[in-house]
Amino acid sequence: MKTRLTGWGRTAGSLCEVETPSTEDEVERALVAPAVIARGLGRSYGDAAQVGGGLVLDNRGLDAIGPIGPDGIVTVGAGVSIEDLLALSIPQGWFVPVTPGTRQVSIGGAVAADVHGKNHHVDGSFARHVRSMRLVTPTGVHQLSPEVEPALFWATFGAMGLTGVLSEVTLQLLAIESDQVLVDTDRYDDLDEVMAAMVEGDNGYRYSVAWVDCMARGRRMGRSILTRGDHATRDDVTNAARVAPRAARLAVPVTAPPGLLNPFTITAFNELWFRAAPRHRVGEAQSIASFFHPLDGLRDWNRLYGPRGFVQYQFCVPDDGAEAVTRVIARLSQSRVPSFLAVLKRFGAADPAPLSFPQPGWTLALDLPVGPAALAPLLDELDELVVQARGRVYLAKDARLSPSTVRAMYPRLGEFAAIADTIDPQRHLTSDLARRLRLREG
Amino acid sequence: MENAFGQPQTIVVLGGSSDIARAVVKKLCAARAHSVVLAGRNQALLDEAAAEARDYGATTTHTVLFDATEPLDAARAVSACFEALGEPVDLVIEAVGLLGKQLEYEDDPTMAATMAIVNYAWPVAALSEVRRRLVAQGHGRILVMSSVAAIRVRRISYLYSGAKAGLDRLCDGLADSLEGTGVTLQILRPGFVRSKMTTGEPEIPFTTGVNEVAENVVHGLAGSTRVIWSPPILRYVFFALRHLPGPIWRKVANR
């Protein structure tokens, strides 16, 4: 069936043929199409999981969940969502060791984007917890692990589906004793304070993230709320149950009118958000859902951004480029381009994947409604700051980089493209993202 | 591929030496456009436009020749453009047009027919092929150069304006036909623009330059509005003019 697909940001759609294979054979047969890409739950913000005029393989048919072994190892179909896996694993005392800000991503998508969570500074990205996986390519099926075909194994992380279609993934889960997280919250009046606190104290916590108000100006520029925590043990909390988060009950029913999220409404929201946080609170027990996935409580929240959609700009820079974070926030605050609360966190060691996004240092993510004419040139300017600081922009969020900037940000792109050509010499595997950034050309 | 801000990377221009089209292409090349195909009737002018596109950031340019008095050749010209590019086309600008001084040729039936062919029949034939190819691609934008003159036809230029009126209305239906295909069509209605097409014509209120029009186009492409007016205030001016009683309109139009 032909469907117009976009990413979560609802920009730059294209019409694609969509099929939902449920076996490896079906995937293999589909990979003869001249242009083909896998799609999970569509939570990449840009054009990574669509290919105009081509074939999109919806991975939700690959939905088998194996039993969780006594050592916490589980094999799941690539189309299984983190939500579904948590529903199975939490009652048994296991947690998905890396989850992004939503449970609505497929395991295949988590590998394709090499997602990271609030624990990257301690636990690394998703790749670190994958023991093996099965990848269907136009030239056959590969069983991959860090030991078997390591080049293709690593090239698949962060490659946004361009090395093939994953059928199943074997993961090491994390043992937990309760479904609660003990959270410390601190409020900081400017950016320097919160960054200093994170450098100093993050290593004492498994999870850490700061929300930054990019609309605040002057002395309050970059004021932030820092939340850090770790899983509660059985002894920490009185009601140490192990209940999985439930599906969202609220939804945004229709696309909001254009301009609902404007500098005034966003400034007001940020003000409320900031004031609602305690200045200093220690050891508050929060549920997994509210700590890890606050936005999952509202289905289709992307509709709030109106018919023109939004872009997310997420970049990372090494520690010696930390000034870029300050300059980006200053530039945004000065431009008055509306941006919701931004997310700032520290990254730990990178994994060996050529296209994986995280590298040690800082990452900042911003949600920006499409509309203001100043936004496109502003983000081009931010790209330059990021490149100068030897940083990069996250492909899972991107909908607007250029082929030349992506090459400056991902110096190992050529290495990736050469590996992709070995398993797909005819370049069947492509996407609107790959065409826009010429990712298969290296 | 076009990005989230409606900035294309690959462009085909039919009528590539049009001053307005050139100004638009310059701005788009300064943003994201890297490959441009310019089609028209004068190789020297196309080469000049191609060099300009490269100056503004295009890395690949091609030119294609065609004769807009031969609508049955339009599909060939469009195919040649798409094939020269060899990758999906993000934006097709249809900017073919012929104005001249009507008083000098309005009694010549051959010229009257030529005006209808160049300003209407050729673009219609070309758009048919463009539509077919972009729909197969599953994405793409079409920008059709109409004119405010299409909204209320003036005595002084009824051959040009009448043909544009036909094209403008046709494109409204054509745009509707693209619903759900991933392809969109936008109609550009500029007012009086200082360009080589209008050299020697007296300027009227709301006259603009090609760069202002290009600015309005780039902004319009970032959104999804069906009609891009330039300057934008003409939307309201022409709402009023369209409803003026005939005798008053003739007085206004003939000034």
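The values are calculated or read from the model by the stated rules, or taken from the named source; none is laboratory data. Given the structure is predicted, the values throughout are model-derived calculations rather than measurements. Positions of Cβ are generated from backbone atoms using ideal geometry, with glycine treated the same way; all protein chains shown enter the neighbour counts.
Put simply, of A:Gly42, A:Gly53 the only residue that is in contact with a helix residue (DSSP H, G or I) (Cβ under 6 Å, 6 or more places away or on another chain) and on the phi > 0 side of the Ramachandran plot is A:Gly53. Checked against (1) touching a Leu at 6+ places or on another chain (Cβ under 9 Å); (2) crowded, with 21+ Cβ neighbours inside 10 Å, A:His293 passes all but condition (1). Among the residues in the stretch A:367-381, are any touching a residue at least 60 places away in the same chain (Cβ under 8 Å), surrounded by 19 or more Cβ atoms within 10 Å (Cβ to Cβ), at positive phi and outside any helix (DSSP H, G or I)? Among the residues of the stretch A:367-381, at least one is touching a residue at least 60 places away in the same chain (Cβ under 8 Å), surrounded by 19 or more Cβ atoms within 10 Å (Cβ to Cβ), at positive phi and outside any helix (DSSP H, G or I), which makes the answer yes. The helices (runs of 4 or more DSSP H) located wholly in the stretch A:95-167 that include 1 or more residues which are touching a Leu at 6+ places or on another chain (Cβ under 7 Å) and in contact (Cβ under 8 Å) with a residue 60 or more places away in the chain occupy A:107-113, A:150-156. Looking at this structure, is B:Gly57 surrounded by 24 or more Cβ atoms within 10 Å (Cβ to Cβ) and in contact (Cβ under 8 Å) with a residue 12 or more places away in the chain? When the stated conditions are applied, B:Gly57 does not pass them. Taking the criterion of being within 12 Å of chain B (Cβ to nearest Cβ) and either among the basic types (Lys, Arg) or surrounded by fewer than 20 Cβ atoms within 10 Å (Cβ to Cβ) (or both), the residues of the stretch A:402-426 that qualify are A:Pro403, A:Ser404, A:Thr405.
Could you say which residue among A:Ala399, A:Ala389 is more than 14 Å from every other protein chain (Cβ to nearest Cβ), crowded, with 16+ Cβ neighbours inside 10 Å and touching a residue at least 40 places away in the same chain (Cβ under 8 Å)? Before the answer, list the steps.
Numbers: A:Ala399 fails: more than 14 Å from every other protein chain (Cβ to nearest Cβ).
Going through A:Ala399, A:Ala389 in turn, the sole match is A:Ala389.
Looking only at residues in the stretch B:191-229 that are in a strand (DSSP E or B) and farther than 23 Å from B:Glu2 by Cα, the one that is nearest to the chain's Cα centre (by Cα) is B:Val193. Residue check: B:Leu170 meets all listed conditions (1) modelled with pLDDT of 95 or more; (2) surrounded by fewer than 18 Cβ atoms within 10 Å (Cβ to Cβ); (3) more than 28 Å from B:Pro245 (Cα to Cα) but one, namely (3). Name the residue that is nearest to B:Leu28 (Cα to Cα), counting only residues in the stretch B:82-97 that are within 14 Å of chain A (Cβ to nearest Cβ) and assigned to a loop (DSSP other than H, G, I, E, B). Of everything passing the filter in the stretch B:82-97, B:Asp90 is nearest to B:Leu28 (Cα to Cα). Of the residues making up the stretch B:224-254, just one is over 23 Å from B:Ser18 (Cβ atoms) and within 14 Å of another protein chain (Cβ to nearest Cβ), namely B:Ser224.
This table checks each residue for (1) of a type outside the set (D, E, K, R); (2) away from chain A (no Cβ under 14 Å); (3) under 23 Å from A:Lys2 (Cα atoms); (4) in contact with a Cys (Cβ under 9 Å, 6 or more places away or on another chain).
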site	(1), (2), (3), (4)
B:Val153	yes, yes, no, no
B:Asp168	no, yes, no, no
B:Cys171	yes, yes, no, no
B:Glu179	no, no, yes, no
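In the stretch B:1-16, the qualifying residues are those that are over 18 Å from B:Thr63 (Cβ atoms) and either aromatic (Phe, Trp, Tyr) or under 17 Å from the mean Cα position of the chain (by Cα) (or both), and the one that is nearest to the other protein chains (Cβ to nearest Cβ) is B:Phe5.
In the stretch A:51-80, of all residues being of a type in the set (D, E, K, R) and part of a loop (DSSP other than H, G, I, E, B), the one that is nearest to the other protein chains (Cβ to nearest Cβ) corresponds to A:Asp63. I'm trying to understand the selection: among the residues of the stretch A:427-442, which are surrounded by fewer than 24 Cβ atoms within 10 Å (Cβ to Cβ) and either part of a loop (DSSP other than H, G, I, E, B) or not basic (Lys, Arg) (or both)? Within the stretch A:427-442, A:Arg427, A:His428, A:Thr430, A:Arg438, A:Glu441, A:Gly442 meet the criteria.
Yes or no: the stretch A:81-88 includes at least one residue that is within 14 Å of another protein chain (Cβ to nearest Cβ), out of contact with any Gly (no Cβ under 6 Å at 6 or more places or on another chain), touching a residue at least 12 places away in the same chain (Cβ under 8 Å) and not small (Gly, Ala, Ser). Taking every residue of the stretch A:81-88 in turn, none turns out to be within 14 Å of another protein chain (Cβ to nearest Cβ), out of contact with any Gly (no Cβ under 6 Å at 6 or more places or on another chain), touching a residue at least 12 places away in the same chain (Cβ under 8 Å) and not small (Gly, Ala, Ser). A:Ser356 satisfies every condition listed in (1) touching a Phe, Trp or Tyr at 6+ places or on another chain (Cβ under 7 Å); (2) among the hydroxyl-bearing types (Ser, Thr, Tyr); (3) over 30 Å from A:His129 (Cα atoms) except (3).
Looking at A:Gly309, A:Gly297, just one residue is small (Gly, Ala, Ser), within 14 Å of chain B (Cβ to nearest Cβ) and in contact (Cβ under 8 Å) with a residue 40 or more places away in the chain, and that residue is A:Gly309.
Return yes when B:Gly140 is within 14 Å of chain A (Cβ to nearest Cβ) and buried (at least 16 other Cβ atoms within 10 Å of the Cβ) and no when it is not. Answer is yes for this residue.
Among the candidates A:Gly218, A:Gly259, A:Gly283, the residue that is out of contact with any Pro (no Cβ under 8 Å at 6 or more places or on another chain), within 23 Å of A:Ile329 (Cα to Cα), away from chain B (no Cβ under 14 Å) and surrounded by fewer than 16 Cβ atoms within 10 Å (Cβ to Cβ) is uniquely A:Gly218.
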